[in-house]
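The values are calculated or read from the model by the stated rules, or taken from the named source; none is laboratory data. Nothing here was measured: the structure is a model prediction, and the numbers come from that model. Cβ sites come from the backbone with ideal geometry, for glycine too, and all protein chains shown count toward neighbours. For accessibility, only protein heavy atoms count, side chains too; no ligands or nucleic acids. Shrake-Rupley method; radii C 1.70, N 1.55, O 1.52, S 1.80 Å.
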Amino acid sequence: MTDRPKTSANSMWGGRFAAGPDAIMEAINASIGFDRRLYAQDIRGSRAHAAMLAATGIISDSDAEAIGKGLLTVLSEIEAGDFPFQTALEDIHMNVEARLKEVIGEPAGRLHTGRSRNDQVATDFRLWVRDQCDAAIEGLRALIRATVTQAEAGADWVMPGFTHLQTAQPVTWGHHMMAYAEMFGRDLSRFQDARARMNESPLGAAALAGTGYPIDRDMTAQALGFDRPMANSLDAVSDRDFALEFLSASAICAVHLSRLAEELVIWSSAQFRFVSMSDKWSTGSSIMPQKRNPDAAELIRAKIGRILGATVALFTVMKGLPLAYSKDMQEDKEQTFDAADTLMLALAAMTGMLSDLTANRDRLEAAAGIGFSTATDLADWLVRELGLPFRDAHHVTGSLVAMAEGRGVDLPDLTLEDMQSVHGQIRQDVFNVLGVHKSVASRQSYGGTAPDQVRAQIARWKEKLA
């Protein structure tokens, strides 16, 4: 019987791994490649924990002082790029603790008293996501300011309003811009709400059941800027709803960014020419010298895919996990890190584009009157002045639109005789409502497109942002 040729334990994996299952396990188990981003939060949490251990008499003041100073040394090494991250130590927590031991010796071993990596990572990640909420809030404030500035510049500039991407009624540029201010304002409030809900401390929940040490969870919560400790130790280590809420808010915000980006792509086209992008946010073509491509807007439009993908991924990770901690939850970070980075980049790019954007007032006004945009004003006049039921007025207006369309003219170009041939009671003053400026000026209802209403909303947002 001939012996079969021997193969290495990892032959099915090719040359990617130097050894067999041990190397593969290390690769799938280690998170230091991405969770090193939590270093500042990890060190902050450890310093608060050490101070609490000393205050409660669990460790000595001298040990706590050595730990605190040693952790600052580790922090400075990481920030200087001199820290020796090791995959064999699995994660940021063990990397920091191992280095701390090298720096201060035996007192480092007392740092982990009364806590577990489970509540440690839950605290680190919650602190990080809270920081990202703060960054998103500031990013949205800057974007709303840029939107309001655009709106104020063109509060009374008329443009076509669309439904189904077909001309509907005239609106103002300021009104259109303020629609996005409202959307981004709701996005801002979602991040504020999420931040308020997540602002409870998991630290001290330990592995899952709390600890027998006489720790002071209120002290560590206060030191880390939390409102209070989390009330259930199982919940504290086992849920990532704070990250899910951050991702959900990010996905909704990205939808709004994508919608505005889509309009900027359309508006900057040669067919529309509603806006001009600055060279900062456009690129040329390698073959067509006349081109100015709105690449920044197109890329923002695409970013929703990554953020929504991250949201779905984390929902999928969490949906079937029994209490309490499972290693599946290590998959919570890469998705959230990428989504946060993507969102902040998109917010900054959109703010820059809007700040440099030039709206073409003449082109907007010329387009506002195309497509019988004042037809509704005519129908309203028939109701208001002649007492027609709206459905009858709608029918009369439709007949007049058909007449104008057949002649290749707009409604104001019809004569009074033309209009009276459809309804004999129409008077000369009907023409007072058929101009686009008169149309927008008449929309005085709260939240309407009339310039006075637009300026009132601009003032309201300026006050909120002050």
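Summary table below
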read-out	value
Count of residues meeting criterion [open to solvent by less than 60 Å² (accessible area, probe 1.4 Å) and either in contact (Cβ under 8 Å) with a residue 24 or more places away in the chain or not assigned by the TED database to the domain that holds residue 247 (or both)] in the range 183-195	7
Residue satisfying all of: in the range 209-223; among the polar types (S, T, N, Q) and in contact (Cβ under 8 Å) with a residue 12 or more places away in the chain; surrounded by the fewest Cβ atoms within 10 Å (Cβ to Cβ) among these	211
Hits in the range 366-380 - residues which are free of Cβ contacts under 8 Å to residues at least 40 places away in the same chain and surrounded by fewer than 17 Cβ atoms within 10 Å (Cβ to Cβ)	366
Every pair of residues 6+ apart whose Cβ atoms lie under 7 Å, when the first sits in the range 384-408 and is loosely packed, with under 15 Cβ neighbours inside 10 Å while the second is in a loop (DSSP other than H, G, I, E, B)	399/422
The range 161-184: number of residues that are of a type outside the set (Phe, Trp, Tyr) and either farther than 16 Å from residue 260 by Cα or touching an Asp or Glu at 6+ places or on another chain (Cβ under 9 Å) (or both)	10
Residue 40 under 37 Å from the mean Cα position of the chain (by Cα), modelled with pLDDT of 95 or more and crowded, with 18+ Cβ neighbours inside 10 Å	no
Helices (runs of 4 or more DSSP H) completely within the range 329-399 that count 2 or more residues being under 30 Å from residue 239 (Cβ atoms)	333-356
Helices (runs of 4 or more DSSP H) lying entirely in the range 54-167 (those with 1 or more residues that are under 24 Å from residue 345 (Cβ atoms) and open to solvent by 30 Å² or more (accessible area, probe 1.4 Å))	61-79, 117-153
Filter pass, residue 33 being at pLDDT 80 or above and either in contact with a Pro (Cβ under 7 Å, 6 or more places away or on another chain) or farther than 25 Å from residue 229 by Cα (or both)	yes
Residue match in the range 160-170 (condition: of a type in the set (Phe, Trp, Tyr) and within 13 Å of residue 364 (Cα to Cα))	yes
Residue in the range 345-365 that is surrounded by fewer than 17 Cβ atoms within 10 Å (Cβ to Cβ) and closer than 30 Å to residue 125 by Cβ present	yes
Residue within the range 249-262 that is open to solvent by less than 30 Å² (accessible area, probe 1.4 Å), assigned to a helix (DSSP H, G or I), more than 24 Å from residue 188 (Cβ to Cβ) and in contact (Cβ under 8 Å) with a residue 60 or more places away in the chain present	no
Residues that are open to solvent by 60 Å² or more (accessible area, probe 1.4 Å) and assigned to a helix (DSSP H, G or I), drawn from the range 263-281	279, 280, 281
Single residue of the range 409-441 satisfying the filter (in a loop (DSSP other than H, G, I, E, B) and open to solvent by 70 Å² or more (accessible area, probe 1.4 Å)) that is modelled with the highest pLDDT	421
Residues of the range 309-336 classified as surrounded by fewer than 19 Cβ atoms within 10 Å (Cβ to Cβ), within 20 Å of the chain's Cα centre (by Cα) and of a type outside the set (D, E, K, R), total	4
Residue in the range 417-430 that is closer than 30 Å to residue 177 by Cα and in contact (Cβ under 8 Å) with a residue 12 or more places away in the chain present	no
